[in-house]
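Before any comments, here is the structure.
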Amino acid sequence: MTVADRDELDKLVATGVDLDHHVSQTDAGIVVHAVITPNEVDGLKALGYRVGPTLFDPADSEGRIAEREATIAEHKAENQAFTATIATNAAVSDVKIVRADYYTSGTNQVLSVEAKWAQGQTSTSTLTVSRDSGPGTPMGSGGTQSISRFVDAGVYLYHRGASNVTSRPDKIQITSPTGDVAVAQVKEWLPTDGEAPEGPGYQKDFVTSYLTPTELYDRIKRLAAEYPQLAEIVELPYKTNGYRRKAQVVLGSANASRVAVDSLAWGHQGGNDITVELANPGAANQPLNATLTGKAIRVSLATDAAGAVTSTAAQVAAVINGAAGSLVKAYTYRGSVGDGVVTPVAVTPLTDNLKAPASVSRDPHPVYAIRIGKYRDGSRTGVLAYAQEHAREWVPPLVTIETAERLLRNQKHDPKTQELLRNLDIWIVPSINPDGGHYSFYDFNSQRRNMTNHCAEGGSTDALARNSWGVDNNRNYTEYSLFDGYSGASSSCTSDTYAGPSELSEPEDKNVDWLASRTNIKFSMNLHSSGNYFMWSPGAYSLPNRISAPRPTLAEESFFWGASSRILTEIKRHRNMAVTPARTGPIADVLYSAAGNSGDMLWYKYGIYAWNFEVGTSFQPTWDEAHAETMEFSNGLVELLRVARDYDKDKKRPTSTLVTAPSATEGMVDVKFDVSEPAAVFYTLDGSKPTYSSTLYASAGVREAGETLTVPYGAKVFWFSVDAAGNIENNYRPDTDAKNWNRAFATISDS
């Protein structure tokens with residue numbers, strides 16, 4: 001679908017349409033991918049939306065399932081055969097270049113540019129970027145490219161855009177429409193020419209097909225049984241509602257004459273054995289009555305003097321409830337008064353419409369984690385990885401399985417893996433949402449949510465709505481949620497972003513909350529698809545005015561960026577596919593508002609450095625593509641573990657300096673703080689001792705580096721820095737009488 005601008009995108013989100021994570025700016029407008037039915041297509045077109053070609057339909061999903069079965073059969077045959085045979089940013093006046101990133105992706109060379117223009121809120125003008133073709137070459141010799149405004153919820157954030165290039169530029173230049181000029185150095189994004197972190201003989205590539213939640217849990221149980229000294233299975237405290245439904249049927253076609261019948265028992269517990277018949281007695285002046293024989297409900301419809309049926313839907317529902325109220329509940333269709341005359345219906349079975357084999361449990365389902373590490377007592381830094389909050393996302397669970405396999409199968413011969421297992425407490429949950437996951441595999445491939453029906457009586461509770469029920473597990477958490485007034489979730493029980501009846505109403509989300517409350521967990525990865533994004537908090541904002549959840553400090557943001565660069569570099573190393581700079585950053589900055597998402601809960605409630613993968617470009621790609629995505633994003637997940645280990649052993653104290661420059665205001669000096677690593681800087685300008693209560697050095701703006709402070713010439717600047725691991729510069733103790741903080745005067749050196 002194509003919309004004109006971000007305001008139109010917000011309106012589209014407000015309709016409750018199920019949007020994929022693909023959102024891209026083009027010359028024709030903003031292109032988004034949506035999961036919609038033919039009826040929804042008609043409705044959206046009636047509202048004036050432009051709906052493009054279908055990218056993926058149920059037949060494609062059936063093909064994936066067939067491919068999966070063929071792959072499994074092929075590997076079974078291989079295994080049987082084996083057994084048989086073997087047993088810098090520059091700002092000039094009104095335009096500022098925020099980022100200039102060169103990177104390779106596949107066979108392409110790309111230049112991505114982000115810039116801010118003072119008139120960007122009101123002017124729709126694009127900015128033109130000129131580039132050289134390498135060091136010492138003339139500006140413009142590498143060509144030009146345009147970057148467009150990024151406006152979200154009516155607020156201008158910056159201009160951005162990417163273009164293929166034929167050589168790596170050294171510098172770029174932007175001349176704003178007002179004639180002001182900015183020049184910046186181009187940096188390389190995700191270079192992979194360094195040494196790979198994997199030692200010789202490192203084993204990988206353990207997944208061979210898509211896996212259902214039952215198969216995912218069986219896989220981690222086998223792993224834990226094989227490595228009992230290093231792994232254990234933990235059953236999380238809350239069982240799901242279960243892969244189960246009441247047996248149902250809707251009789252009739254016109255709404256006013258429809259009768260819906262639901263079993264009181266679950267389908268697998270007897271509801272599927274019930275039948276209902278609406279019979280024409282074949283005689284005139286017959287009364288309406290119903291009989292129950294075993295589990296067969298027979299309604300003999302009333303007729304008039306001419307022998308025509310006269311029973312209405314409301315009357316039929318009432319007589320069914322009178323005769324068979326111990327087995328079923330009958331009702332008119334979605335709040336209709338039911339004054340339409342019913343049509344006779346032959347014997348029709350009620351059914352729960354669930355197609356999974358009997359091996360898939362219909363009971364409330366346990367959710368399992370595999371806990372990996374030599375010391376699993378909470379004494380080591382904890383890392384949490386969890387997948388399949390959204391049922392239709394089939395690749396992310398494979399990333400967790402591949403990662404668990406790599407950790408355990410490399411532990412005997414790889415010293416770096418041994419270090420991780422000695423020093424980290426690793427929790428991996430391959431499927432948070434097993435009910436929805438099973439439903440996606442066997443019943444409705446586009447299922448996003450869990451299977452719990454919260455629709456109220458008189459609403460969409462009948463059998464025809466069975467693909468519309470469920471809570472979006474990534475909108476049901478506690479921080480900056482729909483219930484707090486934040487945007488990006490729905491109160492409609494049939495919306496794919498339904499936030500549920502209340503925060504943490506769902507057992508799946510209570511399990512994530514329980515996991516996050518482990519006090520030693522400091523890092524997490526929530527694995528999703530699709531879109532090739534890499535994101536962190538804030539993940540939500542409120543409307544109007546796009547007021548976001550609190551932004552991380554400059555130091556925290558710098559840590560997110562630095563760790564992300566490491567993780568994304570290892571993802572890219574697999575096949576040179578880059579997650580772009582434009583799709584890296586806080587969720588609310590690079591995608592859209594997602595009120596009540598789990599990353600925000602982990603960050604704001606528990607202080608966990610929480611990231612989100614958005615793996616690949618499709619929910620259910622062909623196996624070759626799914627396999628490649630699994631390999632590359634498992635590289636990234638293992639690198640997160642290395643980030644956690646480096647954080648754990650970081651004892652190096654940061655250093656910082658005061659950088660001064662002439663100010664445009666007479667008698668004043670511009671100052672910045674330069675730090676050796678991501679670190680918070682606390683400072684004073686009045687000669688007082690700096691403490692944790694002093695002013696915290698901040699960023700200059702969204703996706704920018706440190707702010708510029710303008711202070712009187714000769715001002716005393718006292719400060720100290722603290723890195724993400726808590727190391728304090730000079731071992732200064734601000735809560736004591738220590739005086740070894742940093743000191744400088746805001747002056748300009750003659751040199």
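If only residues of the stretch 456-474 that are more than 12 Å from Asp18 (Cβ to Cβ) and touching a helix residue (DSSP H, G or I) at 6+ places or on another chain (Cβ under 7 Å) are counted, the one that is modelled with the lowest pLDDT is Gly458. Among residues of the stretch 543-563 being polar (S, T, N, Q) and assigned to a loop (DSSP other than H, G, I, E, B), the one that is most open to solvent (accessible area, probe 1.4 Å) is Asn545. Tell me, which residue of the stretch 119-148 that is farther than 11 Å from Ile174 by Cα and assigned to a strand (DSSP E or B) is most open to solvent (accessible area, probe 1.4 Å)? The selected residue is Ser148. Exactly one residue out of Thr381, Thr293 is of a type in the set (Val, Ile, Thr), open to solvent by less than 60 Å² (accessible area, probe 1.4 Å) and more than 19 Å from Asn433 (Cβ to Cβ), and it is Thr381. For the stretch 501-523, a residue qualifies if it is part of a strand (DSSP E or B) and open to solvent by less than 50 Å² (accessible area, probe 1.4 Å), and the qualifying residues are Ile521, Phe523. Output yes when any residue across the stretch 47-54 is modelled with pLDDT under 90 and surrounded by 15 or more Cβ atoms within 10 Å (Cβ to Cβ), and no when none is. No, the stretch 47-54 contains no residue that is modelled with pLDDT under 90 and surrounded by 15 or more Cβ atoms within 10 Å (Cβ to Cβ). Within the stretch 356-370, one or more residues are aliphatic (A, V, I, L, M) and in contact with a His (Cβ under 6 Å, 6 or more places away or on another chain).
Cβ-Cβ distances below 6 Å connect the following pairs, each with a first residue in the stretch 17-30 that is modelled with pLDDT under 80, a second residue that is of a type in the set (D, E, K, R), and a separation of six or more residues or different chains: His21/Glu614. If you go through the stretch 58-66 one residue at a time, do you hit one that is open to solvent by less than 40 Å² (accessible area, probe 1.4 Å), of a type in the set (Ser, Thr, Tyr) and either touching a Phe, Trp or Tyr at 6+ places or on another chain (Cβ under 8 Å) or modelled with pLDDT of 90 or more (or both)? The answer is no, given that none of the residues of the stretch 58-66 is open to solvent by less than 40 Å² (accessible area, probe 1.4 Å), of a type in the set (Ser, Thr, Tyr) and either touching a Phe, Trp or Tyr at 6+ places or on another chain (Cβ under 8 Å) or modelled with pLDDT of 90 or more (or both). In the stretch 617-629, the residues that are over 13 Å from Thr208 (Cα atoms) and part of a loop (DSSP other than H, G, I, E, B) reach residues that are open to solvent by 30 Å² or more (accessible area, probe 1.4 Å) and modelled with pLDDT under 95 with C-beta atoms within less than 6 angstrom, at least six apart or across chains, in these pairs: Gln620/Arg64. Any residue that is under 39 Å from the mean Cα position of the chain (by Cα), charged (D, E, K, R) and within 30 Å of Gly470 (Cβ to Cβ) - is there at least one of those in the stretch 270-289? No, the conditions are met nowhere in the stretch 270-289.
Flag set for Thr178, criterion: over 34 Å from the mean Cα position of the chain (by Cα), open to solvent by 60 Å² or more (accessible area, probe 1.4 Å) and β-branched (Val, Ile, Thr).
Regarding Pro678, is this residue closer than 30 Å to His574 by Cβ and surrounded by 15 or more Cβ atoms within 10 Å (Cβ to Cβ)? So Pro678 passes the test.
The values are calculated or read from the model by the stated rules, or taken from the named source; none is laboratory data. Just so it is clear, the model here is predicted, and its values are computed rather than measured. Note that we place each Cβ from the backbone using ideal geometry, even for glycine, and neighbour counts take in every protein chain shown. Side chains are part of the model used for accessible areas, which takes the heavy atoms of the whole protein and leaves out ligands, DNA and RNA. Shrake-Rupley method; radii C 1.70, N 1.55, O 1.52, S 1.80 Å.
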